[in-house]
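What follows is a short report on a single structure.
The values are calculated or read from the model by the stated rules, or taken from the named source; none is laboratory data. All values reported here derive from a predicted model rather than from experimental measurement. All Cβ positions, glycine included, derive from the backbone under ideal geometry; neighbour counts span all protein chains shown. To get the accessible areas, we keep the full protein, side chains included, count just its heavy atoms, and leave off ligands, DNA and RNA. Shrake-Rupley method; radii C 1.70, N 1.55, O 1.52, S 1.80 Å.
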Amino acid sequence: MKQKIINVEQSEYWNEKSGPKWVKNENALNERLSILTDEFFSRVKIKASDKVLDIGCGGGDTTFRVSKLLADAGHVVGADISKTLLDHAKSKFSDIDTMTFVHCDAQNYSFDENYFDKVISRFGVMFFESPLEAFKNIYCSLKTSGSLNFVCWTNMMENEFIIEGMDIITKYTQKVLPEVTNDPGPFAFSEPEYIKEVLESAGFKNISVDKVYTFISTKDSTEKDAELLMGIGPRARILSEENLSSEKIAMIKNEIIKLCEQRQSGKEITYKACLNYVSANK
Ligand SMILES: C[S@@+](CC[C@H](N)C(=O)[O-])C[C@H]1O[C@@H](n2cnc3c(N)ncnc32)[C@H](O)[C@@H]1O
């Protein structure tokens with residue numbers, strides 16, 4: 001692969017402040033995302049000889065999972081805008097011949113043209129400043145027979161894991177969930193029509209968006225789960241902006257723990273989730 005020194009622009013949603021937060025929560029998140037990740041991999045059908053690009057690879061877990069499916073000719077590149085996350089990924093997965101990492105803004109990085117059999121992403125393509133420019137760039141990196149596959153959130157309100165506890169936070173802060181738009185952010189690609197419009201304009205064919213209802217679940221304690229809910233997504237954003245006293249934070253946490261207890265059955269806490277599994281061909 002060509003390597004190029006670039007100036008990596010930080011997006012509003014992902015900057016070097018997001019990296020350490022993601023690293024802190026990554027094991028907890030990987031556990032919770034395991035059902036949907038298995039589904040994603042069963043759809044992508046990686047072949048041993050594939051050249052694969054993992055966009056917004058974060059801590060590299062999906063990149064590593066691809067590398068385990070590859071044999072000699074196959075190779076996977078994990079690309080991410082966050083140096084913190086890439087350094088973390090490299091420290092976890094060093095010395096694997098079939099895998100490399102690239103620090104870049106995937107929107108405009110000069111990937112080798114006509115090189116990849118598959119471009120994949122788990123929640124890593126919704127943050128581009130210009131999705132059209134980004135997907136045109138990704139399109140160029142694919143071989144003629146290549147495919148794009150990514151998984152992203154559908155509507156925020158259909159994802160209990162994202163909104164659970166928000167009523168309690170609103171009670172203490174008077175702040176409500178932000179309106180979801182197509183602007184860069186976790187829910188930018190919640191609408192199938194918008195996804196199709198962007199991918200079609202970027203040149204892709206055979207575009208398919210499968211809306212799938214599934215689950216996010218964890219065997220963590222209710223206390224740990226409540227901490228995670230308060231540490232990610234719009235809830236975390238509101239809490240960090242509000243400068244609440246530690247007493248209020250503790251009261252919110254106790255109320256959210258009760259919600260987690262209501263969801264717990266046996267050792268498992270479960271949330272309904274809804275995802276778009278997107279695929280397209282060059
Ligand atoms: C929600 S995280 C998902 C991380 C990883 N795919 C996973 O599932 O664990 C989104 C990732 O996209 C990366 N990202 C955001 N904008 C990007 C861009 N323009 N180019 C490359 N990576 C980007 C972030 O740094 C972050 O690692």
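Table: residues versus (1) within 11 Å of the ligand (Cβ to nearest atom); (2) open to solvent by less than 50 Å² (accessible area, probe 1.4 Å); (3) more than 29 Å from MET230 (Cα to Cα).
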residue	(1), (2), (3)
ASN25	yes, yes, no
LEU69	no, no, yes
HIS75	no, yes, yes
ALA89	yes, yes, no
LYS92	no, no, no
Checklist entry - Of ILE232, ILE195, ILE207, which residue is touching a helix residue (DSSP H, G or I) at 6+ places or on another chain (Cβ under 6 Å) and either of a type in the set (Asp, Glu) or in contact (Cβ under 8 Å) with a residue 12 or more places away in the chain (or both)? => result ILE207
Checklist outcome for this item: Those residues of region 38-56 which are within 12 Å of the ligand (Cβ to nearest atom) and open to solvent by less than 10 Å² (accessible area, probe 1.4 Å) amount to PHE40, LEU53, ASP54, ILE55
Next on the checklist: The conditions are (1) at pLDDT 95 or above; (2) out of contact with any Ser or Thr (no Cβ under 7 Å at 6 or more places or on another chain); (3) open to solvent by 20 Å² or more (accessible area, probe 1.4 Å), and ASN7 fails exactly one of them. Which is it?
Outcome noted: (1)
Checklist outcome for this item: The condition from (1) of a type in the set (Lys, Arg); (2) over 27 Å from ASP225 (Cβ atoms); (3) not in a strand (DSSP E or B) that LYS171 misses is numbered (2)
Next on the checklist: With more than 30 Å from LYS45 (Cα to Cα) and either in contact with a helix residue (DSSP H, G or I) (Cβ under 7 Å, 6 or more places away or on another chain) or modelled with pLDDT under 95 (or both) as the only criterion, which of SER201, SER221, SER240, SER265 stands out?
Outcome noted: SER240
Item to check | Enumeration of residues in region 175-198 that are at pLDDT 95 or above and surrounded by fewer than 20 Cβ atoms within 10 Å (Cβ to Cβ) | outcome: GLU191, PRO192, GLU193, TYR194, LYS196, GLU197
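Being more than 16 Å from the ligand (Cβ to nearest atom), aliphatic (A, V, I, L, M) and more than 28 Å from LYS51 (Cβ to Cβ) is the filter here, so list the residues in region 135-163 that pass it. Let's see the steps before the verdict.
Kept after step one, since they are more than 16 Å from the ligand (Cβ to nearest atom), are these residues of region 135-163: 142-147, 155, 157-158, 160, 163.
Cutting the leftovers down to aliphatic (A, V, I, L, M) gives us 142, 157, 163.
Residues satisfying the conditions are MET157, ILE163.
May I ask you to say which residue of GLU31, GLU16, GLU39 is over 28 Å from GLU113 (Cα atoms), in contact with a Lys or Arg (Cβ under 8 Å, 6 or more places away or on another chain) and either in a helix (DSSP H, G or I) or modelled with pLDDT of 95 or more (or both)?
Numbers: GLU16 fails: either in a helix (DSSP H, G or I) or modelled with pLDDT of 95 or more (or both); GLU39 fails: in contact with a Lys or Arg (Cβ under 8 Å, 6 or more places away or on another chain).
From the options GLU31, GLU16, GLU39, the qualifying one is GLU31.
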Checklist entry - What is the residue count in region 131-156 for residues that are at pLDDT 95 or above and either of a type in the set (Val, Ile, Thr) or open to solvent by 30 Å² or more (accessible area, probe 1.4 Å) (or both)? => result 11
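State yes or no: is MET166 within 13 Å of the ligand (Cβ to nearest atom), surrounded by 16 or more Cβ atoms within 10 Å (Cβ to Cβ) and closer than 23 Å to GLY231 by Cβ? Please lay out each step first, then the result.
On the way: within 13 Å of the ligand (Cβ to nearest atom): no; surrounded by 16 or more Cβ atoms within 10 Å (Cβ to Cβ): yes; closer than 23 Å to GLY231 by Cβ: yes.
Considered against the rule, which asks whether it is within 13 Å of the ligand (Cβ to nearest atom), surrounded by 16 or more Cβ atoms within 10 Å (Cβ to Cβ) and closer than 23 Å to GLY231 by Cβ, MET166 comes out as no.
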Checklist outcome for this item: Matching residues in region 109-127 (under 30 Å from ASN159 (Cβ atoms) and either open to solvent by 20 Å² or more (accessible area, probe 1.4 Å) or not in a loop (DSSP other than H, G, I, E, B) (or both)) number 8
Checklist entry - Is there any pair linking a residue in region 129-147 that is over 15 Å from GLU200 (Cβ atoms) and assigned to a helix (DSSP H, G or I) to one that is among the β-branched types (Val, Ile, Thr) and more than 10 Å from the ligand (Cβ to nearest atom), with Cβ under 9 Å and at least six apart or on different chains, and which? => result SER141/VAL119
